[in-house]
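What follows is a set of notes on a single structure, which appears directly below.
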């Protein structure tokens, strides 16, 4: 699979990204390099890798513990309520 300049123009339009005409060749080459690398990864034989080995790494888990905010920080908040920042709604 190969990405053409027309593909890059369509993708940039769909993503609402402005790409200067002089950069289309560079972006096209970069995307093709990514696709070529993905093709190389598809050729790697992973049949001998045990699926459970990923769990053995022992990555640290994130703790969802609320930490009180420094009062000095809250003093600088433009709007606050119940010791929390008030932010505008961004999801419809």
Any hit, the range 50-66, residues being surrounded by 12 or more Cβ atoms within 10 Å (Cβ to Cβ) and either in a loop (DSSP other than H, G, I, E, B) or modelled with pLDDT of 90 or more (or both): no
Pair list, Cβ under 6 Å, 6 or more apart: the range 4-16 residue without any contact (Cβ under 8 Å) to a residue 40 or more places away in the chain, other residue loosely packed, with under 14 Cβ neighbours inside 10 Å: none
Residue within the range 34-44 that is exposed (fewer than 12 other Cβ atoms within 10 Å of the Cβ) and part of a loop (DSSP other than H, G, I, E, B) present: yes
Given (1) part of a loop (DSSP other than H, G, I, E, B); (2) in contact with a strand residue (DSSP E or B) (Cβ under 9 Å, 6 or more places away or on another chain); (3) surrounded by 11 or more Cβ atoms within 10 Å (Cβ to Cβ), number of the condition residue 74 does not satisfy: (1)
Some residue of the range 20-28 being surrounded by 10 or more Cβ atoms within 10 Å (Cβ to Cβ), out of contact with any helix residue (DSSP H, G or I) (no Cβ under 8 Å at 6 or more places or on another chain) and at pLDDT 90 or above: yes
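The values are calculated or read from the model by the stated rules, or taken from the named source; none is laboratory data. Every value quoted in this text rests on a predicted model; they were computed, and no experiment measured them. Glycine also receives a Cβ, built like all others from the backbone with ideal geometry; neighbour counts cover every protein chain displayed.
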